[in-house]
There are 2 protein chains.
Amino acid sequence: MISWKNLDTLNAYEELEKAEHVDLVEAMCGENGAERVKKYSASMAGGLTYNYAAKQVDDEILKVLAKLADEAQLVEKFQALYSGEVINTGEKRRVLHHLTRGQLGEAVVVDGVDKRNFYTEQQRKYTELANRVHGGEVTNAAGEKFTTVVQIGIGGSDLGPRAMYLALENWAKKNNTLKMEARFISNVDPDDAAAVLDSIDVAHSIFVLVSKSGTTLETLTNESFVKDALTKAGLDPSKHMVAVTSETSPLAKSDNYLAAFFMDDYIGGRYSSTSAVGGVILSLAFGPKVFEDFLAGAAAEDALSKERNLLENPAMLDALIGVYERNVLGYPSTAVLPYSQALSRFPAHLQQLDMESNGKSVNRFGDSVDYPTGPVIFGEPGTNGQHSFYQLLHQGTNIVPLQFVGFKNNQMGVDVVIQDSTSQQKLCANVAAQIVAFACGKEDENPNKRFEGGRPSSIIIGEQLTPVSLGALLSHFENKVMFQGFVWNVNSFDQEGVQLGKVLAKRVLAHETDGALKMYSELLDI
Amino acid sequence: MISWKNLDTLNAYEELEKAEHVDLVEAMCGENGAERVKKYSASMAGGLTYNYAAKQVDDEILKVLAKLADEAQLVEKFQALYSGEVINTGEKRRVLHHLTRGQLGEAVVVDGVDKRNFYTEQQRKYTELANRVHGGEVTNAAGEKFTTVVQIGIGGSDLGPRAMYLALENWAKKNNTLKMEARFISNVDPDDAAAVLDSIDVAHSIFVLVSKSGTTLETLTNESFVKDALTKAGLDPSKHMVAVTSETSPLAKSDNYLAAFFMDDYIGGRYSSTSAVGGVILSLAFGPKVFEDFLAGAAAEDALSKERNLLENPAMLDALIGVYERNVLGYPSTAVLPYSQALSRFPAHLQQLDMESNGKSVNRFGDSVDYPTGPVIFGEPGTNGQHSFYQLLHQGTNIVPLQFVGFKNNQMGVDVVIQDSTSQQKLCANVAAQIVAFACGKEDENPNKRFEGGRPSSIIIGEQLTPVSLGALLSHFENKVMFQGFVWNVNSFDQEGVQLGKVLAKRVLAHETDGALKMYSELLDI
């Protein structure tokens, strides 16, 4: 029997608060540093490893975190989730994004429909579309092949698919599986759509319109923008557009689209990269096989999240260390720092995933919580960030926990040797150096050149960023955020905080405002 | 006589700590809200306005902030800076980036050289180059015009110029002044350079190599990478590359470049967008006139920063409100949220500008400070962010102050009307709505749909994002960060925090490691 309790009512949390803190400088920088790096490591799927040696934990704290995992029933709650219980209580919905990539438990049947079958059936349909487009069976009116695919969507319909596309674009080029170039239109700023349309050949482009409800203001506006452009170019918009939406949305059965692919209310936007939301564009861009591999990586990583032994469940471990940092050590933000240019927008995706899921002040029952929940998430790829905001991370007045990601091999297979090392080696040397610099610091006579150290980080290390390892990486963070939501006892699957702005914006457009809002509207000439 | 004192030794700071807090819900959401929006507004250059009605200030707090500005001698310190005093005491350097765009005070003569003349002479030289490239006088070996310009640089040699290029790319297209497309190579990850080279026609590309010292690892490595590619394409690298560096660097007098343009030690990387670091690529991309207008906007905004009256000095006002939020109200981060897709990388530039400048724990004299300094800075363009991390901003457990930017008109001049409003109107309606939603919140029976409000923001409003208004916007933030550094009594112009990582990375590459560092190196196969 699962019970949902606030973090500060758990015995293990009390114990955690009392546990002796780890002095990271002492732990990492002495003789035992190497041992620690060897020991504090957990295997992930896709050849990845989660190494947490440079976190402020030791065997004692890990033991308490394991108790906390048990007492908070994290694995049981995950099981309830993938078994189809209504975990998104606010919106009275199941949470089934894991089923888009695998069957983790018993079949989940809703209204007579096996949901895993439903998602794989959608995948089969857009796999078929992708094959027909690549094979020249589905073409433009002139019978010419489509060369570009453009996603129209915002939030979860944009950030995840965009980050995943960028993560694999060069890998696909190198492996001769880049079938079509992808572009993304998201912002209601008309310059966004105009600039994308200006950069592509619309006659050879296929557009993927993504809106679960079929009512997202930005997306419908941009659809119109694109249709205008197609019509002006003498093209029939309905021959250039597919929809990804829910079966009950106004887009579902429209003649305006070549085809429609379905998701449902059980797939939250920010968890939808492995559904049709990511699947249609990624299958078109890279071919269905690449997308299948990506799903296989995610599914394999999901399976690890069922593991009860905390030390063998990297997502749960990462989650609990994060809670310890946020609630006991009091760190208000976390930086995500992939040493891979291909992951340039991965931090932006995690920013949504994490902050929209756990940036909540009430628990699942609507009661205010008395402890901090989700932190601010930000990040840029390394080594770029080193020449930017790392100054504050090293010597600022607040400590910011860090999440590094690094790969032994690059994607394009081109490199140069300068001063006896390749660029890839320099990249990897930098991330190794940063972990130790943050943890150990350095004394100096000149206080301006002094590094306090004691700044915690973990690193996920892989062989190469591939479809499989990318899937595992994505799943890791999705499940980490889910576990943290369980610990904080919040509903990680709704987003009521985005509603008020929408309501007020409508009022502005209808000129039904007064007071400050009216004045701002005037200042902005609306 | 200027005296440099810690914030917590100032009388006005003590007064500020005791001042009654403003209840933002009460102030903004009653009848007086509109009055407040009208009143709490300061004119900027380039047709911009800084509106701070939704900040937690009132006449009383503004009076104390004005005292603080006086007591901390902010205007005098700015004067000392632009007059050439050695403000960057750590590195014993002057701080002269303002002279790249105007003469704010008396001439600054160093070793017999008038520095304003020095910078304008460089500008004259790269203006000439740009005109000759555009006019087809400087061409590739085959006598064909260059069509693309690629910057090779990292940190300040990348983020600022890249953000400025993106900010004006569509404006330039629309105004028929996009002379060349620009690309950027920054990361030591070899896939970064490989992908850029893959996307351009190298035979018609000119590369701008930017490194003040001429020794930046990433940049020299990427230079080699590019030279390899040029050579393999049968081209002479020295006919395709110019350098931006200091006069004393190894790159300055090399035959490997078509030309070299100089900056000096008095221009910090993150403050270098208005120097040759930004000037060469922006003049090549948009034509010299556009870059001149950008400088004029920055110069006009700089002039406002000399103003003693706090209410007429928007950068100083913004700075002091930020200090109040950081040190008295205790907010640890700030979000930058431009409602303009063209400003997509402006937050990343401000992230460097701010965090690298003021992420310090010691004051100018090397003594530890006992108060928080620079906050974490992050952000994405609106409305995209609304569908991503705004959930936490509205309903999270921590308050994050917000900096909005919005323009009445878009850049491309193309728009659609949907439901009686244009996309641009929707964009503006959203930013107006967000300010009020954050400030005022909303009661609801369902606690999950409740918005506490009291979340402070300011907005910079402009007619359109143009070269002039972009210059003003950039200057505003540069000077804001400078004033905050003065208040915190830190040196905003060095970055010793980036050194340790570099030293350790070299050690890794030389295989001179032990302990944890050796083990990480092994895990990463270096």
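A short reminder: the numbers here are calculations on the coordinates, not readings from a lab. Please read these numbers as outputs of a predicted model, since none were measured by experiment. Every residue, glycine as well, gets a Cβ built from its backbone with ideal geometry; the counts of neighbours run over all protein chains shown.
Using Cβ-Cβ distances only, list the Cys residues of the protein assembly as shown with no partner cysteine under 4.7 Å, sorted by number.
Unpaired cysteines in the protein assembly as shown: A:Cys428, B:Cys428.
Contact order normalised by length for chain A, with contacts defined as Cα pairs under 8 Å and 6 or more residues apart; what percent is it?
21
Please work out the Cα center distance from segment B:123-184 to segment B:219-276, rounded to the nearest Å.
With segment B:123-184 and segment B:219-276 each reduced to a Cα centre, they are spaced 14 Å.
Report, in whole Å, the centroid distance computed from the Cα atoms of segment B:487-526 and segment B:335-394.
So the two Cα centres are separated by 24 Å.
Could you pull the copy-to-copy label distances for A:His21, with points set 7 Å along Cα to Cβ, in nm to one decimal and sorted shortest first?
2.5
Would you work out the charge dipole size for the protein assembly as shown about its Cα centre, treating the Cβ of every Lys and Arg as +1 and the Cβ of every Asp and Glu as -1, and quote it to the nearest 20 debye?
With Lys and Arg at +1 and Asp and Glu at -1, about 1760 debye.
Could you work out the local net charge near A:Leu523, counting Lys and Arg as +1, Asp and Glu as -1, over the other residues with Cβ closer than 11 Å to its Cβ?
Within the 11 Å Cβ shell, the charges total +1.
Segment B:23-65 to segment A:287-319: how many Å between their Cα centroids?
Computed from Cα coordinates, the inter-centre distance equals 50 Å.
For chain A, what is the calculated [θ] at 222 nm in deg cm²/dmol (nearest 500), taking -39500 (n - 2.57) for each run of four or more DSSP H residues and dividing by its residue count?
Counting only the DSSP helices, I get -13000 deg cm²/dmol.
Across segment A:421-526, what fraction of all alpha-carbon pairs, as a whole percent, falls in each successive 10 Å bin from zero upward?
Values per bin, smallest distances first: 11, 18, 19, 18, 21, 12, 1.
Just want the answer: with Cβ charges of +1 for Lys and Arg and -1 for Asp and Glu, which residue in A:Ala243, A:Gln484, B:Gly462 is farthest toward the dipole's positive end in the protein assembly as shown?
A:Ala243
Around A:Ser423, with a cut-off of 10 angstrom between Cβ atoms, what is the net charge of the other residues, counting Lys and Arg +1 and Asp and Glu -1?
Spelling it out: positives minus negatives among the neighbours equals -4.
Evaluate Rg over Rh across chain A, taking Cα atoms for both radii and Kirkwood's formula for Rh.
Reported Rg/Rh, Kirkwood definition of Rh: 0.98.
Taking B:Lys5 as the anchor, which lysines have their alpha carbon closer than 18 Å to its alpha carbon, excluding any fewer than eight residues away along the same chain?
Correct list for B:Lys5: B:Lys67, B:Lys77, B:Lys360.
Set the Förster radius R0 to 35 Å, insert the Cβ-Cβ distance between B:Thr147 and A:Asp420 as r into 1/(1 + (r/R0)^6), and round the FRET efficiency to 0.05.
Values: r = 36 Å, r/R0 = 1.04.
Computed FRET efficiency for B:Thr147 and A:Asp420: 0.45.
Name the residues whose placed amide hydrogens come within less than 5 Å of the amide hydrogen of A:Glu463, ignoring near sequence neighbours (fewer than 5 apart) on the same chain.
Distant-sequence amide H within range of A:Glu463: A:Lys408.
Under the convention of a label 7 Å out along Cα→Cβ, give the distances in nm from A:Gln499 to the same position in every other copy, shortest first.
Inter-copy label distances (nm, one decimal, shortest first): 5.5.
Average partner chain C-beta neighbours within 10 Å, per residue of B:160-173?
1
Under a crude label model (7 Å from the Cα following the beta-carbon direction), how far is A:Asp111 from A:Trp4 in nanometres?
2.3
Can you tell me the equivalent ellipsoid semi-axes for segment A:1-106? Use √(5λ) from the Cα gyration tensor, largest first, whole Å.
So the three semi-axes of segment A:1-106 are 33, 21, 10 Å.
Projected onto the charge dipole of the protein assembly as shown (+1 at Lys/Arg Cβ, -1 at Asp/Glu Cβ, origin at the Cα centre), which of B:Ala194, A:Tyr266, A:Ala299 gives the Cα projection farthest towards the positive end?
B:Ala194
Roughly how many nanometres apart are two label points built 7 Å out from the Cα toward the Cβ at A:Glu17 and B:Gln103?
So the label points at A:Glu17 and B:Gln103 sit 6.5 nm apart.
Return one number: the angle in degrees, 0 to 90 and rounded to the nearest 10, between the long axis of the Cα atoms of helix B:346-358 and the longest principal axis of the Cα atoms of chain B.
It works out to around 80 degrees.
If each residue's Cβ is checked for other Cβ atoms within 10 Å, how do A:Val487, A:Val133 rank with the fewest at the top?
Values: A:Val487 29, A:Val133 22.
Final ranking by Cβ density, sparse to dense: A:Val133, A:Val487.
Assuming a viscosity of 0.692 mPa s and a temperature of 37 °C, what translational diffusion coefficient in µm² per second does Stokes-Einstein assign to the protein assembly as shown, Rh being the Kirkwood radius over Cα pairs?
This corresponds to a translational diffusion coefficient of 112 µm²/s.
When you take every Cα atom in segment A:295-442, what is the radius of gyration, and what is Dmax, the widest Cα pair distance, in Å?
In order Rg, Dmax, the Cα atoms of segment A:295-442 give 17.6, 60 Å.
Taking 2.2 N^0.38 Å as the expected size of a compact globular protein, what ratio does the Cα radius of gyration of segment B:243-363 give against it, to two decimals?
For segment B:243-363, the normalised Cα radius of gyration comes out at 1.31.
Angle, helix B:217-232 long axis vs. longest principal axis of chain B, Cα atoms, 0 to 90°, nearest 10?
40
From the C-alpha coordinates alone, can you work out the Kirkwood hydrodynamic radius of segment B:113-292, in Å?
16.0
What are the label-to-label distances in nm, one decimal and shortest first, from B:Thr139 to the same spot in the other copies, with labels 7 Å along Cα to Cβ?
Counterpart label points of B:Thr139 in the remaining copies fall at 3.9 nm.
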